[in-house]
């Protein structure tokens with residue numbers, strides 16, 4: 001994020017799996033300030049789950065902005081840095097994700113969303129067990145094991 005992420009931009013930022021921000025980034029639930037609600041495009045779903053009701057209420061009921069240091073302190077972004085450093089970090093994250101098993105990456109992203117809504121650790125573990133079984137049935141799992149044993153880079157194909 002660079003500059004303001006307001007309203008729908010705030011929602012898109014919160015919906016992202018990984019968030020990086022420049023020093024001038026700021027976020028708010030802007031629709032409240034123009035006569036609508038602070039429930040912009042899912043913000044009222046994401047923010048309370050991430051930060052709890054008290055923090056979410058403060059920002060959703062006032063439309064106040066959170067600056068880069070505040071969103072970092074809350075854990076809404078993982079990194080705050082100048083734009084050139086963020087580009088380097090974003091590229092490194094993308095490279096790391098592209099080195100993973102595509103099925104495992106997709107299932108992990110899916111689980112991150114579902115886990116927040118599950119009622120118990122047992123339900124989360126059952127989902128994890130099903131996902132691990134799916135991954136063990138893929139050619140990429142065999143490739144991952146073999147590459148580990150041979151101490152070489154993995155060559156995943158998505159099958």
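Every number here is computed from the coordinates shown, using simple stated rules; none is lab data. Keep in mind it's a predicted model, so treat the numbers as computed, not measured. Positions of Cβ are backbone-derived with ideal geometry, glycine not excepted, and every protein chain shown enters the neighbour counts.
Based solely on its DSSP helices, what 222 nm [θ] is calculated for the chain when runs of n ≥ 4 H residues each add -39,500 (n - 2.57) and the sum is averaged over all residues, nearest 500 deg cm²/dmol?
My calculation for the chain gives -18000 deg cm²/dmol from helical runs alone.
Given the chain reduced to its alpha-carbon atoms as identical point scatterers, what log10 I(q)/I(0) does the Debye formula return at q = 0.14, 0.19 Å⁻¹?
-0.85, -1.13
Would you mind ranking 88, 22 so that the residue whose beta carbon has the fewest other beta carbons within 10 Å leads the list?
Final ranking by Cβ density, sparse to dense: 88, 22.
Give me the angle, in degrees from 0 to 90, between the Cα long axis of helix 121-136 and the longest principal axis of the Cα atoms of the chain, rounded to the nearest 10.
Here the helix axis deviates by roughly 40 degrees.
Note the angle between two axes, namely the Cα long axis of helix 43-60 and the longest principal axis of the Cα atoms of the chain, as a number of degrees from 0 to 90, rounded to the nearest 10.
Approximately 30 degrees, to the nearest ten.
Report, to the nearest 10°, how far helix 102-115 tilts away from the longest principal axis of the Cα atoms in the chain, using its own Cα long axis and a range of 0 to 90°.
Approximately 40 degrees, to the nearest ten.
What order do you get for 14, 112 when you list them from fewest to most C-beta neighbours inside 10 Å?
Least crowded to most crowded, the residues run 112, 14.
What would the Debye equation give as log₁₀ I(q)/I(0) for the stretch 4-94 at q = 0.20, 0.21, 0.23 Å⁻¹, counting only Cα atoms as equal point scatterers?
-0.88, -0.96, -1.12
Given labels modelled 7 Å from the Cα in the Cβ direction, how far is it in nm from residue 54 to residue 89?
2.7 nm
Along the Cα→Cβ direction, 7 angstrom out, place labels at residue 69 and residue 154. What is the inter-label distance in nm?
Distance between label points: 4.0 nm.
Could you tell me the calculated FRET efficiency between residue 78 and residue 130, based on Cβ-Cβ distance and R0 = 25 angstrom, to the nearest 0.05?
For residue 78 and residue 130, the calculated efficiency is 0.35.
Note the per residue figure in Å³ for the convex hull of the C-alpha positions in the stretch 99-150.
Roughly 74 Å³ of hull volume per residue.
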